[in-house]
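The values are calculated or read from the model by the stated rules, or taken from the named source; none is laboratory data. Please read all numbers here as calculations on a predicted model, not as lab measurements. Cβ atoms come from the backbone with ideal geometry, glycine included; neighbour counts cover every protein chain shown. Just the protein is used for accessible areas: all its heavy atoms, side chains included, with ligands, DNA and RNA removed. Shrake-Rupley method; radii C 1.70, N 1.55, O 1.52, S 1.80 Å.
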Amino acid sequence: MLQIEEAVHCLQQQVQPIRKTQSLPLLSATGRILAQEGRAMMDQPPFPRSPLDGYAVRGQDTAKAKKEAPVCLQVVGKVCAGEVFPGQVKAGEAVRIMTGAPIPQGADTVIRQEDSDSGQEQVMIYKSSKPYENYCYQGEDYKKGTLLLPKGTRLRGNEIALAASLGLDPVMVYQKPQIAVVSTGDELTMPGEDLKPGKIYDSNRYWLSARLSELGIPAVYSGHCNDEPEEMAECIRKRSQQADVIITTGGVSVGEKDIMHEVIQILSARQLFWRVDVKPGAPVLAAVFGGTLLICLSGNPFAAAANFELFVRPVIGCLSRDESWIPKKKQARLENDYRKPAGARRFLRGYTEDEKVWVAAGNHGSGSLSAMLVCNCLIEIPPHQAGAVKGDMVWTYLL
């Protein structure tokens with residue numbers, strides 16, 4: 001039976017990072033992966049500019065200025081952000097200047113408005129300023145030609161702002177992976193429909209589809225098949241024409257209605273593995289059909305959710321070139337007991353905060369949904385242990 005790391009490696013070996021690109025308006029590219037370089041086409045700022053409102057002057061003209069003995073300068077003009085003062089500041093002169101405006105030629109510092117009498121024709125300067133003291137140099141943020149956004153950068157708020165400062169709009173990004181979700185089971189009823197005796201609502205497909213959307217890659221297809229191998233095989237044939245990965249849930253164990261083994265045979269798909277040393281969700285099944293990876297998860301809700309976090313997310317991270325998809329691991333101190341032995345590596349619903357972690361209250365069966373509401377991590381319990389106790393250091397997988 002494979003270990004988790006072996007299974008993940010096997011899955012990642014079957015996929016290649018998406019190469020197709022698309023052009024998007026910059027404001028529509030948040031969360032996407034940059035497919036071009038973001039290189040500075042000019043210095044930033046592109047000119048020396050004022051960091052504050054005040055007066056652009058020659059520093060040497062203010063050398064003796066103080067409150068009880070101010071220096072008087074002639075105001076020869078005004079410049080606001082977006083404007084350029086046409087002249088040059090000479091000895092004994094000042095130009096009224098606003099934050100962000102280009103510093104006029106001849107001036108080498110800016111006197112704060114608060115350190116003056118705010119004069120219009122003449123201004124009294126109450127404090128000296130050394131040359132280049134209040135002065136933003138051309139290119140002090142970055143220089144022309146600097147590579148600021150390498151190809152493969154994930155575009156978040158800071159990166160979007162930097163791309164805007166470079167004048168990049170639109171931008172080339174990699175296309176998102178195409179992921180399809182299919183649930184199986186004669187017992188499943190769609191939410192909103194009347195629930196007949198013996199039936200349950202299909203929560204797995206909704207969880208998987210919503211989780212994909214939550215993480216930034218909505219499913220290109222989300223549907224359901226009954227426990228008919230030929231029907232499921234035909235669904236996979238059809239969806240494989242558009243999907244890089246098809247995630248199924250249900251039908252992977254050894255019961256009479258566990259159809260996915262027969263589906264793999266009908267498709268003549270290449271099976272990669274069946275069963276991983278993990279609890280819950282051990283009977284995860286993986287195969288390749290054509291160029292599409294099939295990852296078939298348990299039909300138990302928490303088992304399907306844990307399998308998705310452990311196996312599917314690293315695959316999508318590889319496809320999308322986005323490492324944020326890969327669950328982050330960190331150690332935390334357990335704050336309550338969990339006393340249930342297991343032969344396999346067990347994953348529990350947990351809540352972590354400030355280097356501490358709690359096993360979520362409630363039913364921890366693989367079919368339980370309600371205990372997932374407060375869950376923001378999975379807690380790993382090593383194999384062949386009688387659970388864990390308060391004070392133990394455990395690994396958590398952040399969700």
**Average accessible surface area per residue within the chain, 1.4 Å rolling probe, Å²** = 49 Å²
**Request:** Using a cut-off of 14 Å between beta-carbons, work out the net charge of the residues near Cys10 (Lys and Arg +1, Asp and Glu -1, Cys10 not included).
**Result:** -1
**Complete:** With R₀ set to 45 angstrom, the calculated FRET efficiency between the beta-carbons of Lys78 and Lys329, to the nearest 0.05, is 0.20
**Message:** Quick check: at a probe of 1.4 Å, how many percent of the accessible area of the stretch 1-143 sits on carbon and sulfur atoms?
**Reply:** 48 percent
**Request:** Return the FRET efficiency for the residue pair Gln105, Leu147: r is the Cβ-Cβ distance, R0 is 41 Å, and the value is rounded to the nearest 0.05.
**Result:** 0.85
**Request:** Could you give the spread of the C-alpha atoms of the chain along their three principal axes, from largest to smallest, in whole angstroms?
**Result:** 96, 50, 42
**Item:** Descending semi-axes in Å of the stretch 94-210, equivalent ellipsoid built from Cα gyration tensor
**Value:** 64, 21, 10
**Item:** Cα-projected label distance for Arg275 with Met41, points at 7 Å along beta-carbon direction, nm
**Value:** 6.0 nm
**Request:** Please work out the Kirkwood hydrodynamic radius for the stretch 201-298, using every pair of different C-alpha atoms, and report it in angstroms with one decimal place.
**Result:** 13.8 Å
**Item:** Dipole axis of the stretch 26-96 (+1 Lys, Arg; -1 Asp, Glu on Cβ), positive-most option in Pro86, Thr30, Gln74
**Value:** Gln74
**Asked** Semi-axes of the equivalent ellipsoid of the stretch 183-243: what are they in whole Å, largest first, if each equals the square root of 5 times a C-alpha gyration tensor eigenvalue?
**Response** 21, 18, 7
**Per-residue ³J(HN,Hα) for the stretch 217-223, Karplus 6.51 cos²θ - 1.76 cosθ + 1.60, θ = phi - 60°, Hz, x for Gly and Pro** = 10, x, 5, 7, 8, 9, x
**Fill in**
In nanometres, the difference between 0.36 nm per residue of separation and the alpha-carbon distance of Ser213 and Lys90 is 38.1 nm
**Message:** Going by amide H atoms built from the backbone, whose H comes under 5 Å of the H on Val171, apart from near neighbours?
**Reply:** Leu24, Leu26
**Request:** Rounded to whole Hz and in sequence order, give me ³J(HN,Hα) for the stretch 114-127 from the Karplus expression 6.51 cos²θ - 1.76 cosθ + 1.60, θ = phi - 60°, writing x for Gly and Pro.
**Result:** 5, 9, 8, 9, 6, x, 9, 9, 10, 10, 9, 9, 9, 8
**Asked** Which residues does a label at Glu228 reach in the stretch 176-193, if reach means a backbone N under 14 Å from a point 7 Å past the Cα toward the Cβ?
**Response** 185-187
**Item:** Rounded, prolate or oblate (a/c below 1.5 giving rounded, otherwise prolate when a/b exceeds b/c) for the stretch 292-359 by Cα gyration tensor
**Value:** oblate
**Asked** Roughly speaking, to the nearest percent, how much of the stretch 274-363's 1.4 Å accessible area is carbon and sulfur?
**Response** 47 percent
**Message:** Can you tell me the length gained on complete extension of the stretch Ala386 to Gln120, counting 0.36 nm per residue apart and subtracting the Cα distance?
**Reply:** 87.6 nm
**Item:** Stokes-Einstein D for the stretch 42-82, Kirkwood Rh over Cα pairs, 10 °C, 1.306 mPa s (µm²/s)
**Value:** 124 µm²/s
**Asked** Once the convex hull of the C-alpha atoms of the stretch 1-140 is built, how many Å³ does it hold per residue, rounded to a whole number?
**Response** 187 Å³
**Message:** If you average the alpha carbon positions of the stretch 81-117 and of the stretch 261-328, how far apart do those two centres end up, in angstrom?
**Reply:** 64 Å
**Asked** Using just the C-alpha positions of the stretch 129-270 as equal point scatterers, what log10 of I(q)/I(0) does the Debye formula give at each q in 0.11, 0.21 1/Å?
**Response** -0.61, -1.28
**Request:** Using only the Cα atoms of the stretch 230-357, build the gyration tensor, take square roots of its eigenvalues as a ≥ b ≥ c, and label the shape rounded, prolate or oblate: rounded if a/c is under 1.5, else prolate if a/b is larger than b/c, else oblate.
**Result:** oblate
**Request:** Please give, to one decimal in nm, the separation of the simple spin-label points placed at Thr189 and Gln13, each 7 Å out from Cα toward the Cβ.
**Result:** 4.5 nm
**Message:** Using each residue's phi in the stretch 350-362, evaluate 6.51 cos²θ - 1.76 cosθ + 1.60 at θ = phi - 60° and report the 3J(HN,Hα) Karplus result to the nearest Hz, with x for Gly and Pro.
**Reply:** x, 10, 10, 7, 6, 6, 10, 9, 10, 5, 4, 6, x
**Message:** Using the Cα centre of the stretch 307-399 as the reference point, and only Cβ charges (+1 on K/R, -1 on D/E), how large is the resulting charge dipole? Debye, rounded to the nearest 20.
**Reply:** 220 debye
**Message:** Restricting to DSSP H runs of at least four residues, report the calculated mean residue ellipticity at 222 nm for the chain, -39500 (n - 2.57) per run over all residues, nearest 500 deg cm²/dmol.
**Reply:** -4500 deg cm²/dmol
**Asked** Amide H to amide H under 5 Å from Leu2: which residues, 5+ apart in sequence or cross-chain, H placed 1.01 Å off N in plane?
**Response** Asp277
**Fill in**
Computed about the Cα centre, the charge dipole of the stretch 34-129 from +1 Lys/Arg and -1 Asp/Glu charges at the Cβ has a magnitude in debye, to the nearest 20, of 160 debye
